[in-house]
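Everything below concerns the one structure shown next.
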Amino acid sequence: MIVVDGKVVVELKATRGLAEVDEAQLLNYLKAAGMRVGLLFNFGTPSLEHRRRVL
């Protein structure tokens, strides 16, 4: 988990694909850090996968 400018949580993965558990982890990080915006990036696929979540 990386926090950018105290406003955005960024989670980096290198897996075959993003799963619900990865999104759940991002949401837990957001709640624990008291932040609203999260970005999830997966570098393990031929093309970059990304998701944005806002609480």
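Restricting attention to segment 15-34, report how many residues are surrounded by fewer than 12 Cβ atoms within 10 Å (Cβ to Cβ) and not in a helix (DSSP H, G or I).
3
For segment 12-47, which positions are in contact with a Ser or Thr (Cβ under 8 Å, 6 or more places away or on another chain) and within 14 Å of MET1 (Cβ to Cβ)?
Answer for segment 12-47, where residues must be in contact with a Ser or Thr (Cβ under 8 Å, 6 or more places away or on another chain) and within 14 Å of MET1 (Cβ to Cβ): just ASP22.
Consider ASN42 carefully, then state whether it is surrounded by 14 or more Cβ atoms within 10 Å (Cβ to Cβ) and without any contact (Cβ under 8 Å) to a residue 60 or more places away in the chain. Steps first, please.
On the way: surrounded by 14 or more Cβ atoms within 10 Å (Cβ to Cβ): yes; without any contact (Cβ under 8 Å) to a residue 60 or more places away in the chain: yes.
In short, yes.
Can VAL3 be described as among the β-branched types (Val, Ile, Thr), surrounded by 14 or more Cβ atoms within 10 Å (Cβ to Cβ), assigned to a strand (DSSP E or B) and at pLDDT 95 or above? Walk me through how you get there before you give the answer.
Details: among the β-branched types (Val, Ile, Thr): yes; surrounded by 14 or more Cβ atoms within 10 Å (Cβ to Cβ): no; assigned to a strand (DSSP E or B): yes; at pLDDT 95 or above: yes.
No; evaluated as a whole, the condition is false for this residue.
Of the conditions (1) part of a strand (DSSP E or B); (2) over 10 Å from the mean Cα position of the chain (by Cα), GLY44 clears all except one; give me its number.
The one condition GLY44 does not meet is (1).
The values are calculated or read from the model by the stated rules, or taken from the named source; none is laboratory data. No experiment lies behind these values; they were computed from the predicted model shown. Note that we place each Cβ from the backbone using ideal geometry, even for glycine, and neighbour counts take in every protein chain shown.
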